[in-house]
Amino acid sequence: MVDLVTNRNCVYQTAYHVIWCPQYRRGVLTGSVAEEVGRMLDAICAERGWPVISKEIQPDHIHLFVRIPPAIAVADAVKVLKGVTARRLFQRFPELKTQLWGGNLWSPSYYVGTAGNVSAETIRRSIERSAHVTKRR
């Protein structure tokens, strides 16, 4: 369930399911890289007041279910998330540059879907279920 949020000029109930991939869909998000990108996403979202409802880091893509206020364009939020994590991951793990030919960590595209009251729980369960299936492999 995505709760109503009230600020001084609006009441909103927005949650976005965002998915993005490393360049060439390379499976580089494993081990300490996956742990670090997860911590980074939590920190970036916390700094900006974007509550993370659920997240899952797969070797070749990221699922993030996050609440972003309507005053922030989703494209701008994704740009921040991808830009900050790419810069910091390349600093922390310079070997990633050798695995990705063009010098870019993330593919330029992404998926975003919105969720209301009913579908929010469905999305959260879906992300958790995909994590459970991946961990059993």
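Could you please find all residues in segment 77-112 being charged (D, E, K, R) and either over 18 Å from Ala43 (Cβ atoms) or in contact with a helix residue (DSSP H, G or I) (Cβ under 9 Å, 6 or more places away or on another chain) (or both)?
Arg88, Arg92, Glu95, Lys97
Arg25 versus (1) among the basic types (Lys, Arg); (2) closer than 15 Å to Tyr110 by Cβ; (3) more than 12 Å from the chain's Cα centre (by Cα); (4) at pLDDT 95 or above: which is the lone unmet condition?
Failed condition: (4).
If you take the residues in segment 22-54 that are in contact (Cβ under 8 Å) with a residue 60 or more places away in the chain and not in a strand (DSSP E or B), which one is surrounded by the most Cβ atoms within 10 Å (Cβ to Cβ)?
Selected residue: Val28.
Being assigned to a loop (DSSP other than H, G, I, E, B) and among the aliphatic types (A, V, I, L, M) narrows it down to one of Val2, Val18, so name that one.
Among Val2, Val18, only Val2 is assigned to a loop (DSSP other than H, G, I, E, B) and among the aliphatic types (A, V, I, L, M).
Test Ala77 against the criterion of being among the small types (Gly, Ala, Ser), touching a Leu at 6+ places or on another chain (Cβ under 6 Å) and buried (at least 16 other Cβ atoms within 10 Å of the Cβ), and give yes or no.
Taking the combined requirement at face value, the residue does not satisfy it.
Take segment 1-21 and flag every residue that is in contact with a strand residue (DSSP E or B) (Cβ under 9 Å, 6 or more places away or on another chain), touching a residue at least 40 places away in the same chain (Cβ under 8 Å) and of a type in the set (A, V, I, L, M, F, W, C).
Selection gives Val2, Val5, Ala15, Val18, Ile19, Trp20, Cys21.
I need the full set of residues from segment 80-97 which are free of Cβ contacts under 8 Å to residues at least 24 places away in the same chain and surrounded by fewer than 19 Cβ atoms within 10 Å (Cβ to Cβ), in order please. Working first, answer last.
Step one: list which residues in segment 80-97 are free of Cβ contacts under 8 Å to residues at least 24 places away in the same chain, which gives 83, 86-87, 90-91, 94-95, 97.
Hits for segment 80-97 are Gly83, Arg87, Phe90, Gln91, Pro94, Glu95, Lys97.
From the residues in segment 1-18 that are surrounded by 18 or more Cβ atoms within 10 Å (Cβ to Cβ) and of a type outside the set (Ser, Thr, Tyr), which one is farthest from the chain's Cα centre (by Cα)?
In the first step, residues of segment 1-18 are kept if they are surrounded by 18 or more Cβ atoms within 10 Å (Cβ to Cβ); the result is 2, 15-18.
Adding the requirement that they be of a type outside the set (Ser, Thr, Tyr) leaves 2, 15, 17-18.
Numbers: Val2: 17, Ala15: 12, His17: 8, Val18: 6 Å.
If we take residues in segment 1-18 being surrounded by 18 or more Cβ atoms within 10 Å (Cβ to Cβ) and of a type outside the set (Ser, Thr, Tyr), then Val2 is farthest from the chain's Cα centre (by Cα).
Evaluate segment 67-82: report whether one residue or more is over 25 Å from Val33 (Cβ atoms), touching a Pro at 6+ places or on another chain (Cβ under 8 Å) and outside any helix (DSSP H, G or I).
For segment 67-82, residues over 25 Å from Val33 (Cβ atoms), touching a Pro at 6+ places or on another chain (Cβ under 8 Å) and outside any helix (DSSP H, G or I): present.
Consider only pairs whose beta carbons are under 7 Å apart and that are at least six residues apart or on different chains; among these, list those whose first residue lies in segment 101-127 and is more than 10 Å from His17 (Cα to Cα) and assigned to a helix (DSSP H, G or I) and whose second residue is of a type outside the set (Phe, Trp, Tyr) and at pLDDT below 75.
Pairs found: Asn117/Met1; Asn117/Val2; Glu121/Met1.
The values are calculated or read from the model by the stated rules, or taken from the named source; none is laboratory data. The model shown is predicted, which means the values in this text are computed figures rather than measured ones. Every residue, glycine as well, gets a Cβ built from its backbone with ideal geometry; the counts of neighbours run over all protein chains shown.
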